[in-house]
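Asks: What follows is a structure written as structure tokens; I'll ask about it next.
The values are calculated or read from the model by the stated rules, or taken from the named source; none is laboratory data. Predicted, not measured: the structure shown is a model, and the values here were computed from it. Here the Cβ positions follow ideal geometry from the backbone for every residue, glycine too, while neighbour counts run over all protein chains shown.
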Amino acid sequence: MATLQVHKKYKLRWYEKFYFMSISAGMWVTLKHFIKSAILRRMVTVSYPEKKKPLSSRFRGLHRLKRNELGQERCTACFCCQWACPADAIQIVAAEVAPERQYLHPEDKYAKSFQVDLLRCIYCGLCEEACPKGAIYLDGGIPMPADSRDGLILNKEQMLEAQGGKILGERL
């Protein structure tokens, strides 16, 4: 039978109780930013709308719904992206394609409503990997700030490209 060893709780020494190292590390960061801005006259912050920092090569961007070469919507409302989303940020409502609108959709079913909640989204890219048609990609611009929560919910019209995109599997 294995014995369980219980260790005593670590007791802080007298000088560790004052948290000198933690306080000095925080003060060092403050001092470093002060020297950069006040003495060296280098800006620490960026005035965002006018100047933008360069994006990382790994930055995914906002969601976009792609069209095929004929200008038809690629999304066939298969719900694969909605099921793959770990944050439940995607909501799709499917509908049958009417005969007079068949030229807009390659299949018999389409996404009547397609919403992405940017407050819930973790930008993991699982939705674009799960899509069998290559309809959704994360290659849009930088998310813009909004005045309300409703401004951070993308709908189908905001995400849909105006003209046909690249073929399946290619990124911009």
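Asks: Please pick out the residue among L55, L70 that is in contact (Cβ under 8 Å) with a residue 60 or more places away in the chain and under 30 Å from P145 (Cα atoms).
Replies: Numbers: L70 fails: under 30 Å from P145 (Cα atoms).
Of L55, L70, the one residue that is in contact (Cβ under 8 Å) with a residue 60 or more places away in the chain and under 30 Å from P145 (Cα atoms) is L55.
Asks: Could you list, in sequence order, the residues of region 128-148 that are assigned to a loop (DSSP other than H, G, I, E, B) and either touching a Phe, Trp or Tyr at 6+ places or on another chain (Cβ under 8 Å) or of a type in the set (K, R) (or both)?
Replies: Answer for region 128-148, where residues must be assigned to a loop (DSSP other than H, G, I, E, B) and either touching a Phe, Trp or Tyr at 6+ places or on another chain (Cβ under 8 Å) or of a type in the set (K, R) (or both): just K133.
Asks: Which one of A130, A84, A146 is closer than 30 Å to K51 by Cβ and in contact with a helix residue (DSSP H, G or I) (Cβ under 6 Å, 6 or more places away or on another chain)?
Replies: A146 is the lone residue from the list that is closer than 30 Å to K51 by Cβ and in contact with a helix residue (DSSP H, G or I) (Cβ under 6 Å, 6 or more places away or on another chain).
Asks: Can you find a residue in region 91-110 that is among the basic types (K, R) and farther than 25 Å from L70 by Cβ?
Replies: No, every residue in region 91-110 fails to be among the basic types (K, R) and farther than 25 Å from L70 by Cβ.
Asks: Something else about it: At negative phi, touching a helix residue (DSSP H, G or I) at 6+ places or on another chain (Cβ under 9 Å) and in a loop (DSSP other than H, G, I, E, B) - does that describe any residue in region 18-40?
Replies: Checked against the condition, which is being at negative phi, touching a helix residue (DSSP H, G or I) at 6+ places or on another chain (Cβ under 9 Å) and in a loop (DSSP other than H, G, I, E, B), region 18-40 yields no hits at all.
Asks: What number of residues within region 97-141 are surrounded by 12 or more Cβ atoms within 10 Å (Cβ to Cβ) and in contact with a strand residue (DSSP E or B) (Cβ under 7 Å, 6 or more places away or on another chain)?
Replies: Summing the residues that are surrounded by 12 or more Cβ atoms within 10 Å (Cβ to Cβ) and in contact with a strand residue (DSSP E or B) (Cβ under 7 Å, 6 or more places away or on another chain) in region 97-141 gives 23.
Asks: Scan (1) touching a Leu at 6+ places or on another chain (Cβ under 6 Å); (2) surrounded by fewer than 11 Cβ atoms within 10 Å (Cβ to Cβ) for the single condition G61 breaks and write down its number.
Replies: (2)
Asks: Which one is surrounded by the most Cβ atoms within 10 Å (Cβ to Cβ), of the residues in region 149-172 that are modelled with pLDDT of 90 or more and not in a helix (DSSP H, G or I)?
Replies: It comes out as L154.
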